[in-house]
Amino acid sequence: MKPHHLLFILLLLPAGGVFAQVGQRPKIGLTLSGGGAKGLAHIGILKAIDSAGLKVDYVTGTSMGSIIGGLYAIGYSADSIEKIARRIDWDLILSNQSRMRSMIMEEKDEYGRYDVELPWVNHWFRLASGVIEGQELWLKFSELFRPVYTIKDFSKFPIPFKCIATDVSTGEPVVLDSGEIVSALRSSMAIPSVFTAVEYNGRKLVDGGVVHNFPVRDVRDMGANIVIGSNVSGPLRSSKDITNPLQVILQVAFFREAADTKTQIPLCNIYVNQPLDKYGMGNFGEAREIIDAGVQEGRRLYPRLKQLADSLNAIYGPQEIVKNRLPTVYPVKVSSYAVHGLQRTNEGFFVQSMDLSTNKYYTAQNFSRMVRRAFGTRYYNRITYSLEPQPDSTSRVVFDVEENPLTFAKIGLNYNQFSGISAILNLTTRNFFTPTSRSLVTVNVGQNFRIRGEHLQYFSRRANFAFNLNTQYDAFRITTYNEKYKEAGLYDQQYWKADAHFGYSTNRDLTFGLGSRFEWTDYDPSITSSLEFKGHNSFFTGYAFIRSNTLDRPLYPRRGIKLEAEADHVFPQTPKVDYFGSGQNQTDTSFSSASYERFLLNFEKYFSLNDRYTLLIRTQGGLNLHYSNNIMNEFSIGGMVSQFHNQVAFAGLREGTFYSSSIAEGVLGLRYQLFSNVLVTGRANVLFNNFINKSKFFTTPDFLSGYALTFSYNFALGPLELSAMYSDQSRQVLGYVNIGIPF
């Protein structure tokens, strides 16, 4: 043994315990601080520890440090943790959304549309204790920590482990060292006002970083002689850097934590400070960059860690490093189950919606799929589960359920260059008229008034059968254009429909069915216009439909398809229209009242080319067959966002530029993600008209082509989209603005 090895160890060991430790190999503790997204930089320190050949004996952590440390403690290597962190869809798991594919088909159109959702509780609408519940986060933790589901004492992990939370009622730190590891970790990272608090062993807990963000003393108490501490929390913000209410709340919340951290730092033998000033706690969109920064810091630290490992081995002999510490994971046979927390729904509905059976084997991924299915009914706010090993080697699965309140008020804001600014108000209630039903009313208050009411009734416990009864009224003021693409006038369009249809869902992705609706349309020119008629038309329609939606998210999907196809039979019409063409006022006898057939198609496909590029393909078609001398059911061409009856969005033209009784459109686009919430999309579209028949009252080119480049920023109020578009036929460059999600 070389003298410098002993000297290095003596300098590291705490005073007073040197000689007692010379004959016994010192225990190494690892402490990882909280810090939100910045905590991902801890991974680089773990990689350096593994590369140096150091064996860690104890781990403590808070918030993100507890997650990274917990994974390491149960047996994941640093390299495997890095792969997990780089693959995770942070936008999804740190939200209140679940995967779109888990939603019931009838729920997908309403999912994720509103900026604010307020539940009705105790005779009033209330705010939650935090913004994010994180159903997907619970499931991800359940999958990752499945290998230790039988271990309820964290000291029995391959590396003994503790994490820290804060008791909301006392403000005191709570050391979590036993129980359900998933709940413990979720408690430790529940940042106040950001994540909802967690009920754990009779206490309501939030993020441990509020009071004890760097738990070095705790790893010392576990028996560590040498402590490696990685701290990613920076100093408190200066007054000039506090620019919003959330930053004020977090600044006040972490006063005590900052003082506590100062007392913990001297307890470290090897202290790694990674303030990462250019990143914030919520910058999960920069996860890759933060991980890379941590890896660079680990490389700088590596020589020191390697010296420690070599010195310990020289003094105490080589130590066996077990590379595969993660316990083997096998499917679990479920022999029984229990469901806690149900009040508004019954156990049969819950179990059937998951498709759970006893005496079958399940993996963690199977449980996640089942939970998502139940969550997809929208009756539940959070579903967690734990597995209790039984004497016969089977398991009892226990579900802890927090149901959604039956009634929500929802609010959205939208500005669109065509429809103006709007407040979108929604009231959704379940089981109001009948069990297993959803009823809603949505009102668009703005320059264009719109209102929609719907009652959705589910049949069967799996909600495979559904009956939908809905009505909608729209009032739009639409500009008309002449053959030179110049504004020619205005007309007011009113549209009302009453619709009823039955649908059968084979799974969460496909629905088909039959329906009937009554439609009434009124056109009233308000300024001299190229629209040379005035009046209304009404008719009944019988139709068959098929719909599919496998998109992975409601906004800016990266993969999946969306299909809507419909075949209609329009029964005899009742047009009452005055025609003003060629300066003559003709009676409504020039307009046909005959029935006709109608086919509609909208198909979208998204391909994820890599982490930043998404290819999108869209096909849209509409055919009115035997449509001679008919009126008011043509397709309106133009606009970047479809908003009104029979509108076909077309990049390059304004809404209502042309009307046609038969159209076929193809769109090809490429979306690039500049940053986590910043996207750039280029698209080209072509549109063929008049290939079945021509409208007697509108003149439309047989072919149109156009292009658009869109800059998008996805923020709290939804997407901000700024577009520049161009049509080869008009030869005009036009701007287009949309903020939020339209009605």
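The values are calculated or read from the model by the stated rules, or taken from the named source; none is laboratory data. Keep in mind that what you see is a predicted model, and the values were worked out from it rather than measured. Neighbour counts run over all protein chains shown; Cβ positions are idealised from the backbone, glycine included. For the accessible areas, the whole protein counts, side chains as well, though only heavy atoms, and no ligand, DNA or RNA atoms are used. Shrake-Rupley method; radii C 1.70, N 1.55, O 1.52, S 1.80 Å.
Odds and ends about this structure:
- Calculated from backbone phi, Karplus (6.51, -1.76, 1.60) coupling profile of the stretch 331-342 in Hz, x at Gly/Pro: x, 9, 8, 8, 9, 7, 8, 9, 10, 10, x, 7
- Share of Cα-Cα pairs in the stretch 606-743 lying beyond 20 Å, as whole percent: 49 percent
- With q set to 0.08 Å⁻¹, the log10 of I(q)/I(0) for the chain, from the Debye formula over equal scatterers at the Cα positions, is -0.75.
- Whether the stretch 346-466 is rounded, prolate or oblate, judged on the alpha carbon gyration tensor where a/c under 1.5 counts as rounded: prolate
- Largest to smallest in accessible area, the residues 418, 449 fall in the order 449, 418 (1.4 Å probe, all protein chains included).
- A 1.4 Å probe over all protein chains sorts 502, 715 by accessible area into 502, 715, starting with the largest.
- Three-way shape call for the stretch 282-426 based on the alpha-carbon gyration tensor, with the a/c threshold at 1.5: oblate
- Convex hull projection area averaged over all views, the stretch 469-607, Cα basis, nm²: 11.1 nm²
- Per residue, the convex hull volume that the Cα atoms of the stretch 98-180 enclose (Å³): 166 Å³
- 0 to 90° range, to nearest 10: angle between helix 255-264 axis and the chain longest Cα axis: 30 degrees
- Computed with every protein chain present, the accessible area of residue 485 is close to 40 Å² [probe 1.4 Å].
- Dipole in debye (nearest 20) - the chain, about Cα centre, beta carbon charges: Lys, Arg +1; Asp, Glu -1: 1780 debye
- Protection proxy ranking, peptides 613-624, 55-66, average beta carbon neighbours within 10 Å, highest first: 55-66, 613-624
- Restricting the calculation to Cα atoms, the stretch 545-660 yields a radius of gyration followed by a Dmax of 18.5, 61 Å.
- Cα centroid of the stretch 488-502 to Cα centroid of the stretch 439-471, whole Å: 17 Å
- Protection proxy ranking of 563-570, 326-333, 299-306, by the mean of other Cβ atoms within 10 Å over each peptide's residues and highest first, is 563-570, 299-306, 326-333.
- Euclidean distance between Cα centres, the stretch 169-237 to the stretch 272-290, Å: 20 Å
- Solvent-accessible surface (1.4 angstrom probe) belonging to residue 142, in square angstrom, nearest 10: 20 Å²
- For the chain, accessible area per residue (1.4 Å probe, heavy atoms of protein chains only), Å²: 43 Å²
- Whole-Hz couplings from phi, Karplus 6.51/-1.76/1.60, listed for the stretch 178-191; x for Gly and Pro: 7, x, 8, 4, 4, 5, 4, 5, 5, 5, 5, 10, 7, 4
- Accessible-area composition of the chain, carbon plus sulfur, in percent [1.4 Å probe]: 56 percent
- FRET efficiency for the pair residue 124 and residue 434, taken as 1/(1 + (r/R0)^6) with r the Cβ-Cβ distance and R0 = 30 Å, rounds to 0.75.
- Percentage, to the nearest whole number, of Cα pairs in the stretch 348-397 over 15 Å apart: 47 percent
- In this structure residue 42 has an accessible area near 0 Å², from a 1.4 Å probe over the protein heavy atoms.
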